[in-house]
Amino acid sequence: MPLNKTIIQVKNLSFRYEKDLVLENIHLSVEKGSFLGLVGPNGSGKSTLLKLLLGLLKIQQGEIELFGQDIRSFKEWDKIGYVSQKANSFNTGFPATVFEVVASGLTKKIGLFRFLRKQDKEKVLEALNSVGMVSFWNRNIGELSGGQQQRVFIARALVSDPELLILDEPTVGVDAQNVKQFYSMLESLNKQLGITLILVTHDVGTISDKVTHVACLNKHLHLHVPSSEYNRLKDDELSSFYGHDVHVLNHNH
């Protein structure tokens with residue numbers, strides 16, 4: 001897919017919590033159809049940047065444009081899907097089926113307490129199929145593994161047809177054996193469905209052959225390059241961004 005439309009444009013963005021400067025002079029652009037891996041150490045400002053992009057924090061200094069509009073006047077939030085960390089706060093005993101969890105993602109479009117139409121039900125099943133979970137549609141969400149639950153949460157975000165999907169550390173709670181398969185699923189969403197993705201992760205090596213671009217954040221945006229260029233970086237160069245030793249294992253296929 002040609003990358004010819006800027007979905008996110010960030011200019012001169014700085015943010016502080018009281019006296020602590022968390023982000024300083026950030027410039028970042030995300031093009032339609034790209035898959036951006038956002039990496040950085042704990043406390044580097046990744047979550048703060050996401051909250052600013054999602055309108056959950058107000059801009060203090062700088063500019064953010066979403067789909068060509070100033071974020072302060074942006075209204076089309078259904079264009080953006082968001083999947084948080086497995087929400088350790090998520091109650092696995094919650095009495096809801098996989099189908100019901102995904103259908104809840106349609107609330108903004110069809111309204112609360114409205115009956116699902118035939119086309120709505122089809123949308124739910126299509127979203128589940130896109131993440132390989134359609135056969136689990138009538139299972140209770142609490143019966144699933146961490147990785148399966150995350151797939152369901154992604155389906156919930158996809159059911160409203162977003163153009164941009166933002167994922168914050170989505171493999172938290174996913175066992176190591178399923179992480180690789182999980183990232184392959186995200187790659188498929190990007191390449192086959194054309195959804196623009198932003199993935200926040202610590203799993204630097206595993207994502208390097210899945211994403212199209214990598215951005216390294218540690219208060220400043222130290223690096224924003226195509227993944228092919230990122231893969232050529234040496235460990236000591238990455239360590240200078242992270243502030244500690246980094247050893248990258250690239251998983252090329």
Residues Phe153, Phe136, Phe99 in order from fewest to most other beta-carbon atoms within 10 Å are Phe136, Phe99, Phe153
Computed over the Cα atoms of the stretch 19-173, the Rg and Dmax in Å are 17.0, 53
The alpha-carbon pair-distance distribution computed for the stretch 118-215, with 10 angstrom bins and whole-percent values, is 15, 50, 30, 5, 0
quick shape note, the stretch 175-225: Cα extents on principal axes in Å, largest first -> 31, 27, 14
Going fewest to most other Cβ atoms within 10 Å around each Cβ, Val174, Val225, Val211 line up as Val225, Val174, Val211
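Suppose R0 equals 22 Å; then what is the FRET efficiency for Ser145 and Ala96 from their Cβ-Cβ distance, rounded to the nearest 0.05?
0.85
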Gyration tensor (Cα only) of the stretch 23-108 to equivalent ellipsoid, semi-axes in Å sorted down, yields 28, 18, 13
For Lys123, counting only aspartates and glutamates whose alpha-carbon sits under 16 Å away and dropping same-chain residues fewer than eight positions off, the answer is Asp78, Glu100, Asp161, Glu163
Ranked on Cβ counts within 10 Å of their own Cβ, fewest leading, Glu65, Glu18 go Glu18, Glu65
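Each value in this text was obtained by applying a stated rule to the coordinates, not by laboratory testing. Since the structure is predicted, the reported quantities are computational estimates derived from the model, not experimental observations. Because the Cβ atoms are built from the backbone with ideal geometry, glycine has one as well, and the counts that use them run over all protein chains shown.
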